[in-house]
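Just below is one structure, and these are the notes that go with it.
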Amino acid sequence: MTTTVLPRVNYLNVRHTLASWLFTKDHKRIGLMYLVVVTAAFALGGVFAAGVRIELTTPEGDFVSADTYNRLFTMHGVAMVFFVLIPAVPAILGNFVLPLMIGAKDVAFPKINLLSWYVFVIGFVFTLAAMAFGGVDTGWTFYTPYSTQFSNSSVMLTGIGIFITGFSSILTGLNFMVTIHRMRAPGMTWFRMPLFVWALYATSIVQILGTPVIAITVGMLALERALGFGIFDPRLGGDPVLFQHLFWFYSHPAVYIMILPPMGVISEVIACFSRKPVFGYSFVAFSSLAIAIFGFLVWAHHLFVAGISPYSAMVFSFLSFAVAIPSAVKTFNWTATLYKGAIWWQAPMIWVFGFLGLFLVGGLTGLFLASLGLDVHLHDTYFVVAHFHYIMVGGAIMGYFSGLHYWWPKMTGKMYSNSAATFAAVLVFVGFNLTFFPQFILGYLGMPRRYHVYAEEFQVLNVMSTAGASLLGVGYTLIASYLIHSVFRGRAAGDNPWGATGLEWETQSPPIPENFDETPIVTGGAYEYTKRGAKVA
Amino acid sequence: MAGHISPKSTYYTIFGSLMVLTAVTVSVAFVNLGALNFPVALSIAILKATLVILFFMHVKYSSRLTKLICGTSFFFLLVLFGLTLTDYLSRGWFAAPGGTAGAGTQVTIGPAAPEPASVEP
Amino acid sequence: MLSGIPLFPEQASTLAPEVDNLYFFITAVTAFFALLVVVFVTVFAIKYRDRTGTKVGEPIHGSIPLEIGWSLIPFLITMVIFAWATVVFFQIVRAPDQTLEVYSTGKRWMWRFQHIDGKSEINELHVPLGRPVKVVFTSEDVLHSLYVPAFRVKADAIPGRYSSIWFTPTKTGEFHLFCAEYCGTNHSGMIGKVVVMEPNEYQAWLSGDTGLPMAARGEQLFQQLGCVSCHLPDGAGRGPSLLGKFGGQETLGDGTVVAVDDVYVRESILAPQQKLVAGYQPLMPTFQGQVNEEGVMSLIEYIKTLPSTGQPAAAAQARTAPAPAAQGGSR
Amino acid sequence: MPNGAVAHADPHGPASAAGFGAGGHDHAHHPALQHHFQTLDQQHEASTLGMWIFLVTEVMFFGGLLMAYLLYRVWYPEAWSEGSEELDIVLGGFNTVVLIGSSLTMAFGVRAAQTGEQKATVRWLLLTIGLGLTFLVVKGFEYYHKWELHHIPGPNFSFEGPHAAQVQIFLSLYFGLTGLHALHMIIGCAIMGVITWMAHKKRFTPEWYTPVELAGLYWHFVDIVWIFLFPLLYLVDRARQLS
């Protein structure tokens, strides 16, 4: 640990040419390649968000024009949802650690894994092209008939981009599912698997079942827009609400693609830094599956005021409340895991604390929106915006950073500054709350979302929100800087800097190209800290 | 590699059954069964598909996992259809008093009246 | 700048307190659970902190009773919320019997309101205090959503269909009216105000310079478009008589029975072949393109006022001022 | 799946760290065995499982269009009836027989690969491709006919009948569904071409014929889609016109 020279051959230094990266089949390298693209998309989406927040500092539309504003929030949504949140944890962290965690040399289909990265990049390029050609202004939801008949923006290019990217997500899910079924090391039974693997498995279910539906829905939209087919066209008797049904059949479960893997990360990090097994392992594992499956039964809660039958709304409201339970169970189990632990306050754990606080608010405000009578008032207001940012940024992105900090030493072999990371976590937590908590109040006051200009009485809260967003910007930049710094100047991390259990910590940091010198043989559960001989706190 | 090898006769039998069922479904199409038209055609199609899945695709001889995956896809297809139809089939149930339809009424046909032709008196 | 941070919207309809009570209840429940978890996490994190990173936690694997408890209790609580919220929801969607009806069309980027008496306005809606008002609306282009935060009501306007919201104002004054469903460039400009007036002021406002009552305009259209030549009042024409049909039921050619409501009438005008009344030929042409959404609404309003043969329609009398139209109908 | 159904640990010791490819192993492997798998069986099971999961995504892919079909069928039965009358039942029926026949030849192709009859494998696969192309050609004629009649949805669409607008929805879904199916057929034929070439080069043995099997699963799936599309589009509402 004293030397900064990395140990012998590893997956990073085994080849140095550009081609060795572009044609690699190594899941670890592919994970890093995703990291690069996703980070770029995150920066891009952040720039769009900054534009939105600057505009909203004043009630008048004085920073950008209405058309520009509409393009900004649409592209912010598209970039963040399809190119950051969905791939972030599965495709970066999942790719990197899944085979390591189950003791495999690679994922089941390394070539398909590489292919899915290329597909992802091609989809991203199409979307970037759409942005370069003036962007798209439909909102990331592409509701018809605006998107098919009225919008004068690059709907087709963006649609093609999303269609292509969808296949990347499908291929990753397929690959992971087969990997988990077929590639586990001897002795790695289902109930010895780390909970992150369970979470990835549940995510794969959603990716496999949901993503094709959004692909075909975007395809139908494209046929209608480009060729004049009539599937959602009200002039022919088509129903625009059908588009919303099909769109949300994927896009609601997609929220679980975003949040399930970070939940898995949280289970790993909590167990590691509490030095004890996750409380109620099997409940946490099965709640992931329950969320994945129940997640498919609730989509029409996005449609309560969209003109669906009130009886149908009742059914979906009930099911939406039901899906809250497995999430609650996870939260309670994480809390209970802390009980009588030996809690080591390292940076990844600070991010977990942040995750718990924000996810709690995000999850509980979901109950407001699942309530029929209340959703009529809250739908399409800033309350909804605040709610899903608490889930997707407060939950998914906090979880992603927790995992990134947790596995960074394994990925790079280097350690970042713990105090800088702790400071960044606190800064992001504070900035996030300042940004989005006022939006709950704005929402209940009745400020609709996607408004370029707004009524004067909403200004104070909007200024607070913009101030918070600046803190967030500083926080994320800080993370990027100390992580990059650590790659060049960081001290060597050692094979297991956190003293964690799990197969990924048994190999060297960074791992060798095929992960393990010998195929490991698993003899115990995932989080058996007591067996390691240290005394109980 | 231990794959199941079916005798050729099985394949011929299945093919024969599929041909017979095709003939049946075509002939039934020319008989008006009223409300049964759709269920009958669909049942025959499901039967044919099942034969292909079980014998041509060897699911009959495959692992439980394969069967589960096969079932899962149809289950979620039904979720998509069924839950969407809870909306469409119950839209007509709710009409607010006074004759005006409530929040969820059936879609009607109409123009999006591009430029309202002036009919102001 | 404003004098303070607003936290809570005005309550200006009978529905608002209902929605707000639900809101307070859910806020209390969720705040309790949030605090519970935050307190536990904080206490554990501090109490069991290990600065060295060398100790090991107690290997507790779980507890079935706890798992069942913290699944079941939240479930029961959410069911209470579900039941309560559903009751409130049906109050919001189910309008009372006697309402003052206003028709509206949303169009990028404005709301046009048409009062039955003929008065029409843009981006402003005048309503009387204390009287249930129902706004029936549709869209002429893309999706919109009619939203009045102070009343806690909202519904999407969908091209090709009717939606409605209803409310009973409890406060005079001006309230925001927003389009809540994204509709393109000037979405945030598709706003207006609802003006709630004392009933007598409202009457005065109504009688200001006014257009034809909707039913009368509907009657004009009925003549102009030639509807009158087939839909003879005695039923001897090529189309069925429309007297007293509205609010009742009609049997179709294939034996199904449909309710004659505004949706059915609208469909019959714009796509007459869809649901033919039993015993009639598919002769009626479509009036799509010849009559706009407001014209259709006027026609519906006119057909509503037609009394059944022999007895004057109760509904027609209950309405504000359909007198000329009613005479025209019974001719 | 039962616990621990993973293949056995490699008893012959470590896969060398530098071991890119099978060369790093100290004992002979089947040439088709990729280095990150332990055994051929494990590789085969992973591949078939992957294929099945892929077929699940395909089912959901068609599911979106079928949902639209289902809704508008419920709403506009008369238009569906008029639309389905427009389709040529003879050509549709002929294509059904052709496609089911191709499934039979495909099944025989897989069987021949299983039993190691390499020439027969090539023969059956070629026959399958032939039938697939026949299907596509017939489909092409049907499309061309629709083109001549201006029955392709879009600005030039024209249709005489009381429910012209909704018939346009029907035909949109007809082209959506059959077009997507035809696209799958084209991809299928291309894949079959590659597989046939591999069979011709004697790549397959009774120990390893996974590509043939996977291509077979895909081909049968495409057949199943047609088994549903034929009655749903060509047949189901024809009888209504008879009443």
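Throughout, read-outs are computed from the coordinates displayed, never taken from laboratory work. Everything numeric in this text was worked out from a predicted model, so none of it was measured. Reconstructed Cβ throughout: ideal geometry from the backbone, glycine too, with neighbour counts over all protein chains shown.
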### Message
Can you give me the distance in nm between label points at A:ASN418 and C:ILE122, each placed 7 Å from the Cα along the Cα-to-Cβ direction?
### Response
6.7
### Query
Helices from chain A with mean Kyte-Doolittle at least 0.5 and a Cα length along the axis of 27 Å or more, per DSSP H: which?
A:27-55, A:110-132, A:155-182, A:195-227, A:240-274, A:310-338, A:347-370, A:418-445, A:459-489
### Message
Quick query: amide H of C:ARG49 versus all other amide H atoms, modeled in the peptide plane; which residues come in under 5 Å with a sequence gap of 5 or more or a different chain?
### Response
A:ILE343
## Note on the structure
GNM of chain C, Cα pairs under 10 angstrom: of C:THR54, C:THR86, C:THR42, the biggest fluctuation goes to C:THR54
### Query
How large is Rg/Rh for segment D:106-243, to two decimals, with Cα atoms and a Kirkwood Rh?
1.13
### Query
Counting partner chain Cβ atoms within 10 Å of every residue's Cβ in B:52-65, what's the average?
5
### Summary
Expected sort for C:62-70, D:52-60, D:119-127 on mean C-beta neighbours within 10 Å, highest first, is D:52-60, D:119-127, C:62-70
### Summary
For segment D:38-242, the charge dipole (Cβ of Lys, Arg +1; Cβ of Asp, Glu -1; about the Cα centre) points to a positive end, and the Cα of D:LEU65, D:HIS184, D:ILE195 closest to that extreme belongs to D:ILE195
### Query
What are the residues whose amide H is under 5 Å from the amide H of A:SER509, where those residues sit 5 or more places off or on another chain and H is modelled from the backbone?
A:ASP495
### Query
How far is the Cα center of segment A:79-133 from the Cα center of segment A:422-452, in Å?
29
### Query
Distance in nm between label sites at C:LEU36 and B:LEU78, each 7 Å beyond Cα in the beta-carbon direction?
3.6
### Task
Could you tell me the largest-minus-smallest coordinate of the C-alpha atoms of segment A:412-537 on each of the three principal axes, in descending order and whole angstroms?
66, 34, 32
### Convex hull projection area averaged over all views, the protein assembly as shown, Cα basis, nm²
47.2
### Query
If you find the alpha carbon centre of segment C:1-57 and of segment D:90-130, how far apart are they in angstrom?
65
### Task
Taking the Cβ of each residue in A:GLU268, A:GLU504, A:GLU528, A:GLU55 as the centre, tally the other Cβ atoms inside 10 Å and list the residues starting with the fewest.
A:GLU528, A:GLU55, A:GLU504, A:GLU268
### Summary
Given a Förster distance of 35 Å, the FRET efficiency implied by the Cβ-Cβ spacing of A:ASP62 and A:THR477, rounded to the nearest 0.05, works out to 0.85
### Task
Run the quick spin-label model on C:ILE5 and D:ILE191: label points 7 Å from Cα toward the beta carbon, then report their separation in nm to one decimal.
5.8
### Task
Determine which residues of segment A:282-321 fall in the zone a paramagnetic label at C:ARG94 would reach in this model, i.e. backbone nitrogen under 20 Å from the point 7 Å along Cα→Cβ.
A:304-318
### Task
Starting from the coordinates of the alpha-carbon atoms of segment C:95-165, obtain the Kirkwood hydrodynamic radius over all distinct pairs and give the value in Å to one decimal.
12.4
### Message
Of all beta bridges DSSP finds with both residues in the protein assembly as shown, what is the antiparallel percent, to the nearest 5?
### Response
70
### Query
Of all chymotrypsin sites (Phe, Trp or Tyr not before Pro) in segment A:1-98, which ones are in loop regions per DSSP and have a Cβ with at most 12 other Cβ atoms within 10 Å?
A:PHE23
### Summary
Fewest-first ordering of A:ARG275, C:ARG108 by Cβ atoms within 10 Å yields C:ARG108, A:ARG275
### Task
For each pair in A:LYS28/A:LYS111; A:LYS330/C:LYS55; D:LYS119/D:LYS201; A:LYS25/B:LYS67; A:LYS340/A:LYS410; C:LYS134/C:LYS275, compute the distance between the two Cα atoms and list the pairs where it is over 19 Å.
A:LYS330/C:LYS55; A:LYS25/B:LYS67; A:LYS340/A:LYS410; C:LYS134/C:LYS275
### Message
Principal axis extents for chain D, Cα atoms only, whole Å, descending order, please.
### Response
76, 39, 32
### Task
May I have the convex hull volume per residue, in Å³, for the Cα set of segment A:21-528?
134
### For residues of C:100-107, the mean tally of beta carbons on other chains within 10 Å
1
### Query
If you take the Cα Rg of segment A:400-463 and divide it by 2.2 N^0.38 Å, with N the number of residues, what do you get?
1.69
### Query
Can you tell which of C:ALA204, C:ALA180, C:ALA271 shows the greatest fluctuation in a Gaussian network model of chain C with Cα springs below 10 Å?
C:ALA204
### Query
What fraction of the Cα pairs in segment C:29-160, stated in percent, has a spacing above 23 angstrom?
60
### Between segment A:472-537 and segment C:102-156, the Cα center-to-center distance that results, in Å
60
### Task
Calculate, for C:ASP254 and B:MET19, the FRET efficiency according to 1/(1 + (r/R0)^6) with r their C-beta to C-beta distance and R0 30 Å; round to the nearest 0.05.
0.25
### Task
Using R₀ = 56 Å, calculate the FRET efficiency as 1/(1 + (r/R₀)^6) where r is the Cβ-Cβ separation of C:SER241 and A:THR39; round to 0.05.
0.20
#### Entry: Neighbour-count order for C:PHE167, B:PHE75, fewest beta carbons within 10 angstrom listed first
B:PHE75, C:PHE167
### Reachable aspartates and glutamates from A:LYS276, criterion Cα separation under 14 angstrom, eight or more residues apart if same chain
A:GLU268, A:GLU528, C:ASP50, C:GLU58
#### Entry: Per-selection Kirkwood Rh - segment D:58-180 (Cα, Å, 1 d.p.)
16.5
### Shielding by partners, peptide A:323-330 (average Cβ within 10 angstrom, other chains)
3
### Kirkwood Rh in Å, taken over all unlike Cα pairs in segment B:7-57
11.6
### Message
What value in Å³ per residue do you get for the convex hull of the alpha-carbon atoms in chain C?
### Response
233
### Task
Scan chain C and note any complete DSSP helix (H) whose C-alpha atoms cover at least 27 Å along its axis and whose Kyte-Doolittle average is 1.0 or more.
C:15-47, C:64-93
